[in-house]
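The structure appears below as structure tokens.
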Amino acid sequence: MNEKQINRLAGIGLLVIAFGLPLVVRSATYLHIVVLLYFYAYLTTSWNLVGGFAGVLPLGHAAFVGIGAYTSTILSLQYGISPWLGMLVGGVIATIVGVLIGLPTFKMRGAYFALATIAFAEGIRVIVENVDYIGPLKVNGPRGLQIPPLETGLVNYMFASKEPYYYIILVMLLLVLFLTWFISRSKLGYYLNAGGEEPEAAMALGINVARAKLIAMAMSSFLTALAGTFYAQFSLYIHPKSIISLDLSFEIAFIALIGGRGSIAGPILGALLLRPVGDFSRIYFGDTLPGMHLIIFGLVLILVMHYQPRGLQEPLTRLYKSLVARLIGKTTGGGQEHGIARS
Amino acid sequence: MSVFRKLAVPALAATLIAGSAWAENVKIGNIIPLSGPSATVGQQGKNAREMAIEEINAAGGIKSLGGAKLELVFADSESKPEKGVAEAERLINTEKVNVLTGCWNSAVTYPTTAVAERYGIPFVVPVSVSDKITDQGFKTVFRIAAKDSWWTRDQFSFLKDMQEEFGTKVEKIAFVYENGDWGKGFAGQWKELAEKGGYQVVLDEPYPSTATDLSPVVQKIKRSRADVLMLVSNAADAILLTNTLAEYKVNLKAIIASGGGHADPSFLKAAGKSAQYLFDIVEWETDVNKPGAKEANEKYNAKYGQNLTGEAVDAYVAMYVLKDALERAASLDPAKIREALAATNLSDGPGMIVGYDSIKFDATGQNENASLVMVQVNDTGKGLERITIWPKSARRAGYTPVFPMPEK
């Protein structure tokens, strides 16, 4: 067995586990937590296209989640359009907004870019919070929109149990991971990488860095908006403070930073660590030590940033590779030292 | 983890051990904001519930269930709807609670009651004033507090009564409110009431509760030359607004607040003299004329170092409402508990310290008797205090309200 086969086997194994999980985890509570974990992994992977590969730090992605959620919800509540269709409309609107935000801000560097994206997202939140109607569309200000639990079923994007939501978000996550993998090996991926690390050098080589970043931003905002619709249909209630909030934008960035920006596995690892830390510490300390989960959350963040500034994906990849090497060593006998040396 | 909980709530542990030998405990899940921006009100709600449960368990628990003890399970919503929903799922599915209560923030209560409805678990809402909570057509939701259309209705009746009593005419009104769910809900109804009452609205100004400087808002109030200012504020902004109004020497005939931040125990301490003559509408005041109220307040104050507030009283009473319903249901079947709650008519007995006669739910699950009182902040020689003045039948003996406010 060689390294490639082992990788393939591990991949298939993970897929089997992911698809079989709801057969084992019967508790709606835990399935709910896992669905949100995938949701955040998906968001962070979408964010990663800009925040990871393009080397800038956008901190306003909640705006796109909000656009997606509000668009599909308003279309379905007021015009009876299926959220699946509304999801695509939301994605297109988010793409336009993303490009409009990107045009002026991508010229900024470092913290200025981050601050500008925060400002845009907060601006959108303040608008939504302070108007009840945008034209004929009812956004209902700070009160938010409640989706009445009508008929469940695939067309209405509404289900009585957690399993359908689980598989929808799982498939979305796998697709966005595949897209990321594809882009990272494409010309665009190399442009983004080059532009992110050494913009001057990249431009000197004739790469249109700004254009590459805009394309990444367009894709990222489109994909993020799709998750907004998912969230609206999953929780059946949206309001500005929960989905266009800075908290959400920051959490996406935290997950990426913890897991490892610019890597494919990073967002998944980050979500796998941070989400359960947040959820379980809230469950266990929520009533006796209120606020404890926030302290634990912060502590984990500090520790990881201090000891693994490039994120968890780095040591874990190393560990995985050495494991693979040892496996190869055992099955082929003599090649053991060779395998380790190569890793 | 369970060891942790028992250590932290020794009283609860005792009831757990004592109760387990006899009958199954009744598990009450409570989703309230224990961290985040509304943590102080959440804590008051937790204290009030714990005090009530201790009393009920010490008096023998639920007799029709073989002396079953009540057991509280708390979950932190952080004032976030999605956390509230997740916690409701967990409390129902994993903790297997028999009933739910919560969530103070209307934005959290709204989607969370939908979860309870789906599972058929009875949900008692002590306080969350938004009208829509009982307007959803849900069968399992029961609210003890008055809803916001009643609060605004009573504020305007109060204003009318005061004008008649003191012969002072009010024409121009200014609305200033926090720009959240709660403030916007109030403001919408104020506008309708002002139109009906023939008042002129000279200012309609929402502001963010997190603001650190409200002088632009106060300048607008001053320029509007309003006779009466009506407010909806959370804790920190209520203090800031009151102090800034005093600093700018804004002359008004009356300021009418809507509980919340203005009723918080920290408000009088921090605003002090600036808060004098303020009117505030609340559900309950410490000088309410009701047997047991004074004792309950003294006990609460000794335990937790502050007076009971309207919110805390509703939480406290909610436990007695549940106890009464469980006693009559004589079963842990959620459908039976729901039926018993719907038939509630609680008028006396321990814990009934609300200002009105009885608790009774209408078809939507709203407590139809919930009523409100207006208080004025003034100093009658014992320092600033909150004095009940309206309705007139409830007015503290010997006190004459100050209206209009003296010029500054």
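The values are calculated or read from the model by the stated rules, or taken from the named source; none is laboratory data. Everything numeric here is computed off the predicted structure, so don't read it as measured data. Methodologically, a virtual Cβ is constructed for each residue, glycine included, from the backbone with ideal geometry; neighbour enumeration extends over all protein chains shown. Just the protein is used for accessible areas: all its heavy atoms, side chains included, with ligands, DNA and RNA removed. Shrake-Rupley method; radii C 1.70, N 1.55, O 1.52, S 1.80 Å.
Looking at the stretch A:34-56, can you tell me whether even one residue there is over 30 Å from A:Gly102 (Cα atoms), within 14 Å of chain B (Cβ to nearest Cβ) and part of a loop (DSSP other than H, G, I, E, B)? First the steps, then the outcome.
To start, the set of residues in the stretch A:34-56 that are over 30 Å from A:Gly102 (Cα atoms) comprises A:34-35.
Going one step further and asking which of them are within 14 Å of chain B (Cβ to nearest Cβ), we end up with A:34-35.
Restricting the remaining residues to those that are part of a loop (DSSP other than H, G, I, E, B) gives none.
For the stretch A:34-56, residues over 30 Å from A:Gly102 (Cα atoms), within 14 Å of chain B (Cβ to nearest Cβ) and part of a loop (DSSP other than H, G, I, E, B): absent.
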Completion exercise
Among (1) at pLDDT 90 or above; (2) over 20 Å from the mean Cα position of the chain (by Cα); (3) open to solvent by less than 50 Å² (accessible area, probe 1.4 Å), B:Asn345 falls short only on (3)
Practice task
Could you check A:Arg26 against (1) modelled with pLDDT under 90; (2) part of a helix (DSSP H, G or I); (3) out of contact with any helix residue (DSSP H, G or I) (no Cβ under 8 Å at 6 or more places or on another chain) and say which number it fails?
Solution key: (2)
Fill in the blank from the handout: Restricting the stretch A:138-151 to residues that are closer than 15 Å to A:Ala232 by Cβ and open to solvent by 60 Å² or more (accessible area, probe 1.4 Å), the one modelled with the highest pLDDT turns out to be A:Lys138
Exercise for the section: Considering every residue within the stretch B:191-200, establish whether at least one is of a type outside the set (Gly, Ala, Ser), within 14 Å of chain A (Cβ to nearest Cβ), assigned to a helix (DSSP H, G or I) and over 24 Å from B:Thr400 (Cα atoms). Expected result: yes
Practice task
Using the structure shown, decide if B:Phe123 is under 18 Å from A:Ser235 (Cβ atoms), touching a strand residue (DSSP E or B) at 6+ places or on another chain (Cβ under 6 Å), surrounded by 24 or more Cβ atoms within 10 Å (Cβ to Cβ) and assigned by TED's automatic domain parsing to the domain that holds B:Ala340.
Solution key: yes
Exercise for the section: Report yes if some residue within the stretch B:70-78 is more than 10 Å from chain A (Cβ to nearest Cβ) and in a loop (DSSP other than H, G, I, E, B); otherwise report no. Expected result: no
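What number of residues within the stretch B:91-120 satisfy the criterion of being within 28 Å of B:Ala263 (Cβ to Cβ) and open to solvent by less than 10 Å² (accessible area, probe 1.4 Å)? Even if it seems obvious, please write down each step before you answer.
As a first pass, look at the stretch B:91-120 and keep what is within 28 Å of B:Ala263 (Cβ to Cβ): B:99-113, B:116.
Keeping just the survivors that are open to solvent by less than 10 Å² (accessible area, probe 1.4 Å) gives B:99-103, B:108-109, B:111-113, B:116.
Qualifying residue count, the stretch B:91-120: 11.
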Fill in the blank from the handout: Being modelled with pLDDT under 95 and open to solvent by 10 Å² or more (accessible area, probe 1.4 Å) narrows A:Gly286, A:Gly278, A:Gly259 down to just A:Gly278
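In this structure, is B:Ala107 outside the structural domain of B:Leu214 (by TED's automatic domain parsing) and in contact with a strand residue (DSSP E or B) (Cβ under 9 Å, 6 or more places away or on another chain)?
Yes; evaluated as a whole, the condition is true for this residue.
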Handout entry: Hey, B:Ile255 touching a Leu at 6+ places or on another chain (Cβ under 9 Å) and either farther than 17 Å from B:Gln376 by Cα or among the acidic types (Asp, Glu) (or both) or not
Key = no
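Scan the stretch B:348-369 for residues that are of a type in the set (D, E, K, R) and modelled with pLDDT under 90 and jot them down. Walk me through it before giving the result.
If we filter the stretch B:348-369 for residues that are of a type in the set (D, E, K, R), which is where we start, we get B:348, B:357, B:360, B:362, B:368.
The answer is B:Asp348, B:Asp357.
Kindly establish whether B:Ala88 is away from chain A (no Cβ under 14 Å) and open to solvent by less than 20 Å² (accessible area, probe 1.4 Å). Talk me through it step by step, then tell me what you get.
Numbers: away from chain A (no Cβ under 14 Å): no; open to solvent by less than 20 Å² (accessible area, probe 1.4 Å): yes.
So B:Ala88 does not fit the description; no.
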Fill in the blank from the handout: When the stretch A:96-112 is checked residue by residue, the ones that are among the aromatic types (Phe, Trp, Tyr), assigned to a helix (DSSP H, G or I) and surrounded by 18 or more Cβ atoms within 10 Å (Cβ to Cβ) are none
Completion exercise
For the stretch A:163-183 the number of residues that are in contact with a Ser or Thr (Cβ under 9 Å, 6 or more places away or on another chain) and buried (at least 19 other Cβ atoms within 10 Å of the Cβ) is 3
Handout entry: Cross-chain or 6+ apart pairs with Cβ under 6 Å, the stretch B:194-214 first and in contact (Cβ under 8 Å) with a residue 24 or more places away in the chain, then of a type in the set (S, T, N, Q) and part of a loop (DSSP other than H, G, I, E, B)
Key = B:Pro206/B:Asn179; B:Pro208/B:Asn179; B:Ser209/B:Asn234
Fill in the blank from the handout: Taking first residues from the stretch B:88-106 that are touching a residue at least 60 places away in the same chain (Cβ under 8 Å) and second residues anywhere that are assigned to a strand (DSSP E or B) and among the small types (Gly, Ala, Ser), the pairs with Cβ under 7 Å that are 6 or more apart or on different chains are B:Leu91/B:Gly29; B:Leu91/B:Ala75; B:Glu95/B:Gly29; B:Val97/B:Gly29; B:Leu100/B:Gly29
Fill in the blank from the handout: A careful count of residues in the stretch B:392-408 that are closer than 13 Å to B:Asn289 by Cα, touching a strand residue (DSSP E or B) at 6+ places or on another chain (Cβ under 9 Å) and either surrounded by fewer than 15 Cβ atoms within 10 Å (Cβ to Cβ) or at pLDDT 85 or above (or both) gives 2
Problem - Residues within the stretch B:356-374 that are surrounded by 22 or more Cβ atoms within 10 Å (Cβ to Cβ) and in contact with a Leu (Cβ under 9 Å, 6 or more places away or on another chain), tallied - result: 3
Exercise for the section: Name the helices (runs of 4 or more DSSP H) wholly inside the stretch B:217-336 in which the number of residues that are assigned by TED's automatic domain parsing to the domain that holds B:Gly29 and out of contact with any Lys or Arg (no Cβ under 6 Å at 6 or more places or on another chain) is 2 or more. Expected result: B:293-304, B:310-329
